[in-house]
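The values are calculated or read from the model by the stated rules, or taken from the named source; none is laboratory data. Just so we're clear, the structure is a prediction, and the values are computed from it rather than from any experiment. Note: ideal-geometry Cβ built from the backbone for every residue, glycine included; neighbour counts use all protein chains shown. We work out accessible area using only protein heavy atoms, side chains counted, and drop any ligands, DNA or RNA first. Shrake-Rupley method; radii C 1.70, N 1.55, O 1.52, S 1.80 Å.
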Amino acid sequence: MIRAKITGTGSCLPEKVLTNFDLEKMVDTSDEWIVTRTGIRERRIASEGEYTSTFATQAALRALEAAGAKAEEIDLLIIGTLTPDFPFPATACIVQQNIKAVNAACFDLSAACSGFIYALSTAEKFIRCGQAKKALVIGAEVLSRVVDWSDRNTCLLFGDGAGAVVLEAAEGDHGVLSTHLHSDGNYWELLYQRGCGSRNPASQKNLDDRLIYLTMQGNEVFKYAVRAMGEVGLEALTTNGLTIGDVSLFIPHQANQRIIDSVGKRLGIGADRTYVNLGRYGNTSAASIPIALDEAFRAGRIKDGDVVLLDAFGGGLTWGAAAIRW
Ligand code: UT7
(Lines give C-alpha, C1' and ligand atoms only; values in the text may rest on other atoms or scores of the structure.)
Protein backbone atom coordinates (compact mmCIF):
# COMPACT_ATOMS: atom_id res chain seq x y z
CA MET A 1 0.00 0.00 0.00
CA ILE A 2 1.26 3.50 -0.86
CA ARG A 3 1.41 5.86 2.08
CA ALA A 4 2.61 9.44 2.50
CA LYS A 5 5.68 9.32 4.70
CA ILE A 6 7.30 12.30 6.42
CA THR A 7 10.95 12.17 5.36
CA GLY A 8 12.10 15.57 6.59
CA THR A 9 11.01 18.37 8.92
CA GLY A 10 12.11 21.98 9.26
CA SER A 11 11.10 25.16 11.04
CA CYS A 12 12.03 28.82 11.28
CA LEU A 13 11.21 31.37 13.95
CA PRO A 14 11.88 35.11 13.93
CA GLU A 15 14.80 36.17 16.11
CA LYS A 16 12.93 39.02 17.79
CA VAL A 17 11.44 38.00 21.17
CA LEU A 18 8.49 39.76 22.80
CA THR A 19 8.12 38.80 26.46
CA ASN A 20 5.15 39.12 28.77
CA PHE A 21 7.09 41.87 30.55
CA ASP A 22 7.33 43.79 27.27
CA LEU A 23 3.55 43.40 26.91
CA GLU A 24 2.98 44.78 30.42
CA LYS A 25 4.26 48.09 29.04
CA MET A 26 1.90 47.97 26.04
CA VAL A 27 -1.51 46.89 27.45
CA ASP A 28 -3.16 46.49 30.87
CA THR A 29 -1.95 42.97 31.67
CA SER A 30 0.63 41.11 33.75
CA ASP A 31 3.11 38.28 33.28
CA GLU A 32 1.30 36.46 36.10
CA TRP A 33 -2.11 36.67 34.34
CA ILE A 34 -0.72 35.57 30.97
CA VAL A 35 1.26 32.62 32.39
CA THR A 36 -1.61 31.41 34.60
CA ARG A 37 -4.33 31.77 31.97
CA THR A 38 -2.38 30.68 28.89
CA GLY A 39 1.05 29.22 29.71
CA ILE A 40 2.71 31.70 27.33
CA ARG A 41 5.89 33.48 28.52
CA GLU A 42 7.19 34.94 25.27
CA ARG A 43 6.56 34.88 21.55
CA ARG A 44 8.62 35.55 18.39
CA ILE A 45 7.70 38.54 16.25
CA ALA A 46 8.67 39.27 12.63
CA SER A 47 10.89 42.31 12.07
CA GLU A 48 10.52 44.81 9.29
CA GLY A 49 11.32 43.12 5.99
CA GLU A 50 10.27 39.68 7.23
CA TYR A 51 7.06 38.13 5.88
CA THR A 52 5.21 34.83 6.02
CA SER A 53 7.14 33.70 2.93
CA THR A 54 10.44 34.52 4.69
CA PHE A 55 9.85 31.94 7.42
CA ALA A 56 8.06 29.47 5.12
CA THR A 57 11.04 29.52 2.75
CA GLN A 58 13.59 28.78 5.50
CA ALA A 59 11.42 26.05 7.04
CA ALA A 60 10.99 24.48 3.58
CA LEU A 61 14.74 24.54 2.86
CA ARG A 62 15.48 22.91 6.22
CA ALA A 63 12.86 20.21 5.62
CA LEU A 64 14.28 19.52 2.14
CA GLU A 65 17.78 19.24 3.57
CA ALA A 66 16.61 16.87 6.30
CA ALA A 67 14.84 14.73 3.69
CA GLY A 68 17.82 14.78 1.35
CA ALA A 69 15.43 15.97 -1.34
CA LYS A 70 15.93 18.52 -4.11
CA ALA A 71 13.49 21.36 -4.61
CA GLU A 72 12.89 20.38 -8.23
CA GLU A 73 11.65 16.95 -7.10
CA ILE A 74 8.73 18.58 -5.27
CA ASP A 75 5.54 18.24 -7.30
CA LEU A 76 3.11 19.76 -4.77
CA LEU A 77 3.60 22.68 -2.38
CA ILE A 78 0.81 23.68 0.02
CA ILE A 79 0.92 26.35 2.69
CA GLY A 80 -1.67 26.48 5.46
CA THR A 81 -1.85 30.14 6.48
CA LEU A 82 -4.26 32.86 7.51
CA THR A 83 -1.61 35.55 7.08
CA PRO A 84 -0.36 35.20 3.50
CA ASP A 85 2.09 37.78 2.12
CA PHE A 86 -0.76 39.07 -0.11
CA PRO A 87 -4.44 38.14 -0.64
CA PHE A 88 -3.10 36.79 -3.93
CA PRO A 89 -1.03 35.25 -5.40
CA ALA A 90 -0.64 32.33 -3.04
CA THR A 91 2.33 32.60 -0.69
CA ALA A 92 3.09 29.05 -1.89
CA CYS A 93 3.99 30.54 -5.29
CA ILE A 94 6.38 33.02 -3.65
CA VAL A 95 8.05 30.18 -1.76
CA GLN A 96 8.20 28.20 -5.01
CA GLN A 97 10.20 31.03 -6.56
CA ASN A 98 12.47 31.34 -3.50
CA ILE A 99 13.39 27.67 -3.30
CA LYS A 100 13.17 27.00 -7.06
CA ALA A 101 10.59 24.21 -6.76
CA VAL A 102 9.98 24.62 -10.47
CA ASN A 103 7.93 21.45 -10.91
CA ALA A 104 5.45 21.99 -8.07
CA ALA A 105 1.76 22.85 -8.19
CA CYS A 106 1.37 25.49 -5.49
CA PHE A 107 -1.53 26.80 -3.45
CA ASP A 108 -2.42 28.19 -0.04
CA LEU A 109 -5.05 26.60 2.11
CA SER A 110 -7.31 28.54 4.48
CA ALA A 111 -8.28 26.64 7.61
CA ALA A 112 -6.92 29.05 10.24
CA CYS A 113 -5.07 27.27 13.07
CA SER A 114 -6.02 23.88 11.60
CA GLY A 115 -4.33 24.85 8.32
CA PHE A 116 -1.38 22.49 8.64
CA ILE A 117 -3.53 19.42 9.34
CA TYR A 118 -5.84 20.35 6.46
CA ALA A 119 -2.82 20.81 4.15
CA LEU A 120 -1.24 17.55 5.34
CA SER A 121 -4.51 15.73 4.71
CA THR A 122 -4.78 17.22 1.20
CA ALA A 123 -1.19 16.39 0.25
CA GLU A 124 -1.57 12.89 1.67
CA LYS A 125 -4.53 12.28 -0.68
CA PHE A 126 -2.56 13.53 -3.72
CA ILE A 127 0.22 11.10 -2.82
CA ARG A 128 -2.01 8.13 -2.11
CA CYS A 129 -3.86 8.49 -5.40
CA GLY A 130 -0.59 8.84 -7.32
CA GLN A 131 -0.95 12.45 -8.43
CA ALA A 132 2.08 13.58 -6.42
CA LYS A 133 5.23 11.78 -5.35
CA LYS A 134 6.97 14.35 -3.18
CA ALA A 135 5.17 17.22 -1.46
CA LEU A 136 6.12 20.12 0.77
CA VAL A 137 3.50 20.89 3.38
CA ILE A 138 4.03 24.11 5.31
CA GLY A 139 2.26 25.97 8.10
CA ALA A 140 3.40 29.61 8.21
CA GLU A 141 2.13 32.78 9.87
CA VAL A 142 2.96 36.36 10.67
CA LEU A 143 0.05 36.97 13.01
CA SER A 144 1.72 40.01 14.55
CA ARG A 145 0.55 41.98 11.49
CA VAL A 146 -3.17 41.17 11.99
CA VAL A 147 -3.51 41.46 15.77
CA ASP A 148 -4.67 44.66 17.40
CA TRP A 149 -1.79 45.59 19.68
CA SER A 150 -4.16 47.63 21.86
CA ASP A 151 -6.49 44.64 22.52
CA ARG A 152 -5.33 42.73 25.59
CA ASN A 153 -7.81 39.92 24.86
CA THR A 154 -5.89 38.83 21.78
CA CYS A 155 -2.50 40.51 21.30
CA LEU A 156 -0.67 38.48 23.94
CA LEU A 157 -1.73 35.12 22.53
CA PHE A 158 -0.12 35.02 19.12
CA GLY A 159 3.33 34.68 17.58
CA ASP A 160 5.03 34.29 14.19
CA GLY A 161 6.95 31.44 12.54
CA ALA A 162 6.79 28.49 10.17
CA GLY A 163 7.19 24.73 10.08
CA ALA A 164 7.40 22.35 7.14
CA VAL A 165 7.48 18.68 6.28
CA VAL A 166 8.48 16.77 3.15
CA LEU A 167 5.96 14.03 2.37
CA GLU A 168 6.98 11.20 0.05
CA ALA A 169 5.16 8.27 -1.47
CA ALA A 170 6.41 5.10 0.21
CA GLU A 171 5.39 1.44 0.26
CA GLY A 172 4.67 -0.11 3.65
CA ASP A 173 2.93 0.72 6.88
CA HIS A 174 4.99 3.77 7.91
CA GLY A 175 3.59 7.22 7.16
CA VAL A 176 0.32 9.05 7.61
CA LEU A 177 -2.15 6.40 8.78
CA SER A 178 -5.22 8.60 8.54
CA THR A 179 -6.40 12.20 8.81
CA HIS A 180 -9.75 13.46 10.09
CA LEU A 181 -11.15 16.92 9.28
CA HIS A 182 -14.22 18.71 10.64
CA SER A 183 -15.77 22.17 10.45
CA ASP A 184 -18.66 24.06 12.01
CA GLY A 185 -19.42 27.25 10.08
CA ASN A 186 -22.19 28.19 12.51
CA TYR A 187 -19.50 29.64 14.75
CA TRP A 188 -17.24 31.46 12.29
CA GLU A 189 -17.83 34.74 14.14
CA LEU A 190 -16.12 33.42 17.28
CA LEU A 191 -12.70 33.94 15.68
CA TYR A 192 -11.97 35.88 12.52
CA GLN A 193 -10.14 38.76 10.91
CA ARG A 194 -12.69 41.46 10.26
CA GLY A 195 -10.87 43.44 7.61
CA CYS A 196 -8.99 43.34 4.31
CA GLY A 197 -11.50 41.01 2.64
CA SER A 198 -14.53 41.95 0.52
CA ARG A 199 -16.71 42.85 3.55
CA ASN A 200 -14.48 45.41 5.18
CA PRO A 201 -11.97 46.36 2.50
CA ALA A 202 -8.97 48.56 3.19
CA SER A 203 -10.19 52.10 3.89
CA GLN A 204 -9.27 54.87 6.29
CA LYS A 205 -12.61 54.42 8.09
CA ASN A 206 -12.13 50.68 8.64
CA LEU A 207 -8.62 51.36 9.86
CA ASP A 208 -9.83 54.07 12.27
CA ASP A 209 -12.61 51.77 13.51
CA ARG A 210 -9.99 49.05 14.09
CA LEU A 211 -12.02 46.83 11.76
CA ILE A 212 -9.07 45.25 10.06
CA TYR A 213 -7.84 43.16 12.97
CA LEU A 214 -8.38 39.67 14.31
CA THR A 215 -11.16 39.33 16.88
CA MET A 216 -12.01 36.40 19.16
CA GLN A 217 -14.52 35.33 21.79
CA GLY A 218 -11.89 33.42 23.73
CA ASN A 219 -14.13 31.71 26.27
CA GLU A 220 -16.43 30.18 23.66
CA VAL A 221 -13.53 29.09 21.46
CA PHE A 222 -11.87 27.52 24.48
CA LYS A 223 -14.87 25.32 25.36
CA TYR A 224 -15.43 24.21 21.77
CA ALA A 225 -11.71 23.47 21.29
CA VAL A 226 -11.47 21.16 24.29
CA ARG A 227 -14.46 19.09 23.20
CA ALA A 228 -13.60 18.97 19.50
CA MET A 229 -9.89 18.18 19.92
CA GLY A 230 -10.74 15.42 22.38
CA GLU A 231 -13.26 13.87 19.98
CA VAL A 232 -11.15 14.05 16.82
CA GLY A 233 -8.06 12.72 18.62
CA LEU A 234 -10.06 9.70 19.70
CA GLU A 235 -11.48 9.32 16.18
CA ALA A 236 -7.95 9.12 14.74
CA LEU A 237 -7.00 6.41 17.21
CA THR A 238 -10.09 4.22 16.90
CA THR A 239 -10.00 4.39 13.07
CA ASN A 240 -6.58 2.73 13.20
CA GLY A 241 -7.39 0.25 15.94
CA LEU A 242 -5.01 2.10 18.27
CA THR A 243 -5.36 3.05 21.92
CA ILE A 244 -3.87 6.04 23.65
CA GLY A 245 -1.28 3.65 25.10
CA ASP A 246 0.09 3.16 21.56
CA VAL A 247 0.83 6.87 21.13
CA SER A 248 4.49 7.80 21.65
CA LEU A 249 3.98 11.53 21.26
CA PHE A 250 0.90 13.75 21.23
CA ILE A 251 1.39 17.08 19.45
CA PRO A 252 -1.62 19.35 19.96
CA HIS A 253 -2.12 22.81 18.49
CA GLN A 254 -0.37 25.22 20.85
CA ALA A 255 -3.04 27.76 21.82
CA ASN A 256 -3.42 27.55 25.58
CA GLN A 257 -1.84 25.29 28.22
CA ARG A 258 -5.23 24.81 29.87
CA ILE A 259 -6.69 23.59 26.56
CA ILE A 260 -3.76 21.20 26.09
CA ASP A 261 -4.15 19.87 29.66
CA SER A 262 -7.92 19.41 29.31
CA VAL A 263 -7.61 17.61 25.97
CA GLY A 264 -4.84 15.42 27.41
CA LYS A 265 -7.12 14.52 30.31
CA ARG A 266 -9.98 13.62 27.95
CA LEU A 267 -7.69 11.44 25.84
CA GLY A 268 -5.91 9.96 28.85
CA ILE A 269 -2.42 11.08 27.83
CA GLY A 270 -0.03 12.75 30.27
CA ALA A 271 2.43 15.62 29.99
CA ASP A 272 5.31 13.15 29.58
CA ARG A 273 3.98 12.15 26.14
CA THR A 274 2.72 15.60 25.11
CA TYR A 275 4.94 18.06 23.27
CA VAL A 276 4.53 21.68 24.36
CA ASN A 277 6.53 24.73 23.23
CA LEU A 278 3.71 27.24 23.74
CA GLY A 279 5.62 29.03 26.54
CA ARG A 280 8.33 30.09 24.07
CA TYR A 281 6.33 30.82 20.92
CA GLY A 282 2.69 31.52 21.85
CA ASN A 283 0.00 30.49 19.38
CA THR A 284 1.51 30.45 15.88
CA SER A 285 -1.74 29.20 14.32
CA ALA A 286 -1.12 26.91 11.32
CA ALA A 287 2.61 26.90 12.11
CA SER A 288 2.30 25.56 15.64
CA ILE A 289 2.10 21.82 14.91
CA PRO A 290 4.86 21.64 12.26
CA ILE A 291 7.19 23.76 14.43
CA ALA A 292 6.54 21.43 17.38
CA LEU A 293 6.96 18.36 15.17
CA ASP A 294 10.32 19.60 13.90
CA GLU A 295 11.57 20.45 17.38
CA ALA A 296 10.39 17.13 18.81
CA PHE A 297 12.02 15.13 16.01
CA ARG A 298 15.32 17.00 16.22
CA ALA A 299 15.31 16.57 20.01
CA GLY A 300 15.07 12.79 19.58
CA ARG A 301 11.53 12.58 20.91
CA ILE A 302 10.31 10.69 17.80
CA LYS A 303 11.87 7.41 16.68
CA ASP A 304 11.31 5.03 13.80
CA GLY A 305 8.03 3.16 14.27
CA ASP A 306 6.60 5.62 16.83
CA VAL A 307 2.93 6.57 16.60
CA VAL A 308 2.51 10.36 16.65
CA LEU A 309 -0.90 11.99 17.08
CA LEU A 310 -1.40 15.53 15.74
CA ASP A 311 -4.51 17.43 16.86
CA ALA A 312 -5.54 20.95 15.78
CA PHE A 313 -8.34 23.45 16.27
CA GLY A 314 -8.99 26.91 14.86
CA GLY A 315 -11.24 29.54 13.33
CA GLY A 316 -13.96 28.48 10.95
CA LEU A 317 -14.49 26.68 13.18
CA THR A 318 -12.20 23.93 11.92
CA TRP A 319 -10.49 21.04 13.61
CA GLY A 320 -8.62 17.91 12.64
CA ALA A 321 -6.25 15.16 13.64
CA ALA A 322 -3.64 12.98 11.98
CA ALA A 323 -2.28 9.63 13.16
CA ILE A 324 1.23 8.97 11.87
CA ARG A 325 3.49 5.95 12.15
CA TRP A 326 7.05 7.36 11.90
O1 UT7 B 1 -5.83 29.01 18.04
C2 UT7 B 1 -7.19 28.90 17.83
C3 UT7 B 1 -7.98 28.87 18.96
N4 UT7 B 1 -7.77 29.88 19.96
C5 UT7 B 1 -7.84 29.47 21.20
O6 UT7 B 1 -7.89 28.31 21.42
C7 UT7 B 1 -7.94 30.49 22.33
C8 UT7 B 1 -8.99 30.02 23.30
N9 UT7 B 1 -9.22 30.90 24.41
C10 UT7 B 1 -8.34 31.16 25.40
O11 UT7 B 1 -7.20 30.72 25.35
C12 UT7 B 1 -8.79 31.94 26.59
O13 UT7 B 1 -10.19 32.11 26.53
C14 UT7 B 1 -8.12 33.32 26.77
C15 UT7 B 1 -6.67 33.12 27.16
C16 UT7 B 1 -8.20 34.11 25.49
C17 UT7 B 1 -8.77 34.11 27.89
O18 UT7 B 1 -8.74 33.37 29.10
P19 UT7 B 1 -10.06 33.23 29.98
O20 UT7 B 1 -9.70 32.43 31.16
O21 UT7 B 1 -11.14 32.73 29.08
O22 UT7 B 1 -10.28 34.73 30.45
P23 UT7 B 1 -11.57 35.64 30.25
O24 UT7 B 1 -11.62 36.19 28.89
O25 UT7 B 1 -12.78 34.95 30.79
O26 UT7 B 1 -11.21 36.81 31.26
C27 UT7 B 1 -11.10 36.59 32.68
C28 UT7 B 1 -10.74 37.90 33.35
C29 UT7 B 1 -11.68 39.04 32.97
O30 UT7 B 1 -11.83 39.87 34.10
P31 UT7 B 1 -13.15 39.76 35.02
O32 UT7 B 1 -14.29 40.02 34.08
O33 UT7 B 1 -13.15 38.37 35.55
O34 UT7 B 1 -12.92 40.82 36.04
C35 UT7 B 1 -10.90 39.79 31.90
O36 UT7 B 1 -11.26 41.15 31.84
O37 UT7 B 1 -9.43 38.32 32.95
C38 UT7 B 1 -9.50 39.64 32.40
N39 UT7 B 1 -8.53 39.71 31.31
C40 UT7 B 1 -7.26 40.06 31.49
N41 UT7 B 1 -6.56 40.44 32.57
C42 UT7 B 1 -5.26 40.72 32.41
C43 UT7 B 1 -8.72 39.38 30.01
N44 UT7 B 1 -7.58 39.54 29.33
C45 UT7 B 1 -6.66 39.95 30.22
C46 UT7 B 1 -5.29 40.26 30.12
N47 UT7 B 1 -4.64 40.64 31.24
N48 UT7 B 1 -4.62 40.17 28.97
Two-site label geometry, LEU207 and GLN97: point separation in nm, points 7 Å out along Cα→Cβ: 2.5 nm
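Any idea what the dipole of the stretch 2-172 comes to, in debye rounded to 20, about its Cα centre with Lys/Arg Cβ at +1 and Asp/Glu Cβ at -1? Write out the running numbers ahead of the final one.
Numbers: 17 positive and 22 negative charges, 123 e Å.
Computed charge dipole of the stretch 2-172: roughly 600 debye.
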Can you pull the percent of Cα pairs in the chain with separation above 32 Å? 22 percent
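Explain nothing, just the number: dipole magnitude of the stretch 17-116 about its Cα centre with +1 on each Lys and Arg Cβ and -1 on each Asp and Glu Cβ, in debye rounded to the nearest 20. Mind dumping the intermediate values first?
On the way: 8 positive and 14 negative charges, 35 e Å.
So the dipole magnitude of the stretch 17-116 works out to roughly 160 debye.
With an 8 Å Cα cut-off and a minimum separation of 6 or more residues, compute the relative contact order for the stretch 177-325 in percent. Display every interim value, and only then the final one.
Working: 245 pairs, mean separation 53.6, N = 149.
36 percent.
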Expressed to two decimals, the stretch 71-158 has a Cα Rg over Rh, using the Kirkwood radius, of 1.06
At 1.4 Å probe radius, can you tell me the per residue accessible area of the stretch 2-172 in Å²? 41 Å²
Filtered hits (aspartates and glutamates, Cα-Cα < 14 Å from LYS16, offset >= 8 within chain) -> GLU42, GLU48, GLU50, ASP160
For the stretch 317-326, take each phi angle, set θ = phi - 60°, evaluate the Karplus expression 6.51 cos²θ - 1.76 cosθ + 1.60, and give the result in whole Hz per residue in order, putting x for glycine and proline. 5, 9, 7, x, 9, 9, 9, 10, 9, 5
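Which FRET efficiency value, to the nearest 0.05, do you get for GLU73 and SER178 by plugging their Cβ-Cβ distance into 1/(1 + (r/R0)^6) with R0 = 30 Å? The partial results should precede the final answer.
Values: r = 26 Å, r/R0 = 0.85.
Efficiency, rounded to the nearest 0.05: 0.70.
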Within the chain, helix-based [θ] at 222 nm, where runs of 4 or more DSSP H residues each add -39,500 (n - 2.57), nearest 500: -9500 deg cm²/dmol
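How much FRET efficiency would the formula 1/(1 + (r/R0)^6) give for TRP33 and ASP304, where r is the Cβ-Cβ distance and R0 is 30 Å, rounded to 0.05? Could you put the intermediate results ahead of the total?
On the way: r = 43 Å, r/R0 = 1.42.
Once rounded, the FRET efficiency stands at 0.10.
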How much length would be gained if the chain were fully extended between SER198 and GLU24, taking 0.36 nm per residue of separation minus their Cα-Cα distance, in nm to one decimal? 59.2 nm
Cross-link partners of LYS134 among lysines (Cα-Cα below 28 Å; sequence separation of 8 or more within a chain): LYS5, LYS70, LYS100, LYS125, LYS303
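Among 156-168, 79-91, 235-247, how do they line up by average Cβ neighbours within 10 Å per residue, starting with the highest? If you can, show how the numbers build up before the last one.
Values: 156-168: 28.9, 79-91: 21.2, 235-247: 15.3.
Top to bottom by mean Cβ count within 10 Å: 156-168, 79-91, 235-247.
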Residues with amide H under 5 Å of LEU76's amide H, sequence separation 5 or more or different chain, H placed in the peptide plane at 1.01 Å from N; which? ALA105, LYS134, LEU136
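How large is the charge dipole for the chain, taken about the Cα centre, if only the Cβ atoms of Lys, Arg (+1) and Asp, Glu (-1) carry charge, to the nearest 20 debye? Walk me through the numbers on the way to the answer.
Numbers: 32 positive and 38 negative charges, 57 e Å.
Computed about the Cα centre, the dipole is about 280 debye.
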If you count the DSSP beta bridges with both ends in the stretch 225-326, what percent of them are antiparallel, to the nearest 5? 55 percent
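If you restrict to DSSP beta bridges whose two residues both lie in the chain, what percentage is antiparallel, to the nearest 5? Don't skip to the end; give the middle numbers.
Working: 41 of 58 bridges.
The antiparallel proportion sits near 70 percent.
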